[in-house]
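Following: one structure in structure tokens, then a few remarks.
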Amino acid sequence: PKAIGLLGLAYSGMQVGVGTAEYAGPSSATPTEPGRLAILAALADAGKTPLDPPTAILITGPSGANESAILDGIESVVGPNVPIVGGNAAGLRPEGTLGERTYYQFSRAGLTQNNVTVAALYGNFKVAAHFGYYHDPVPEHTGIATKADVTIPSLAAIDGQPAVKPTRERVLSA
């Protein structure tokens with residue numbers, strides 16, 4: 001497929017290393033390996049080692065990937081204190097529907113569908129992120145997450161109520 005991929009970063013003194021690794025699938029015998037290999041390649045590309053962790057990491061992976069395992073692989077190299085921003089490559093097909101294998105990652109390795117790609121960012125800067133989804137927010141249907149279960153990652157409570165109750169009420173009243 002023909003494609004153009006562009007990521008622009010402008011910050012005086014920023015150093016960036018990019019790495020990519022093949023993702024064998026969520027049932028792989030070594031699900032953390034793509035994250036570990038991708039961050040090691042990014043560190044090497046920046047001329048760094050795991051003893052010099054980056055300020056932040058940008059990541060993209062294939063749709064349907066086991067993000068938790070990939071993040072565990074990255075953390076096994078740089079530790080738990082490096083902010084990671086990004087997610088799986090996904091979106092709508094041109095006809096407006098979700099679909100499999102229509103999303104790509106890009107890096108120096110080219111255009112791929114089954115890779116984890118990371119950028120290790122070095123510099124004196126702060127990190128903030130905002131995530132969105134292709135829907136219109138409904139301001140009257142907001143709430144604050146008040147309890148989460150990190151063991152399975154799930155939202156357990158919204159505004160102090162079991163998450164299923166306020167969610168059901170919001171859906172039924174929308």
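Net charge near GLY35: determine it from the other residues with C-beta under 11 Å of the C-beta of GLY35, scoring Lys and Arg +1 and Asp and Glu -1.
-3
Taking amide H positions as placed in the peptide plane 1.01 Å from N, state which residues far from ILE158 in sequence (5 or more) or on other chains have amide H under 5 Å from it.
Amide H neighbours of ILE158, under 5 Å, 5+ apart: THR146, ALA163.
Using the per-residue mean of other Cβ atoms lying within 10 Å as a proxy for protection, in what order, highest first, do the peptides 11-17, 54-60, 36-42 fall?
Final packing ranking: 36-42, 54-60, 11-17.
Only the coordinates and a few stated rules stand behind these numbers; no lab work does. Worth saying up front: this structure is predicted, and the values here are computed from it rather than measured. Virtual Cβ from ideal backbone geometry, glycine too; neighbours counted across all protein chains shown.
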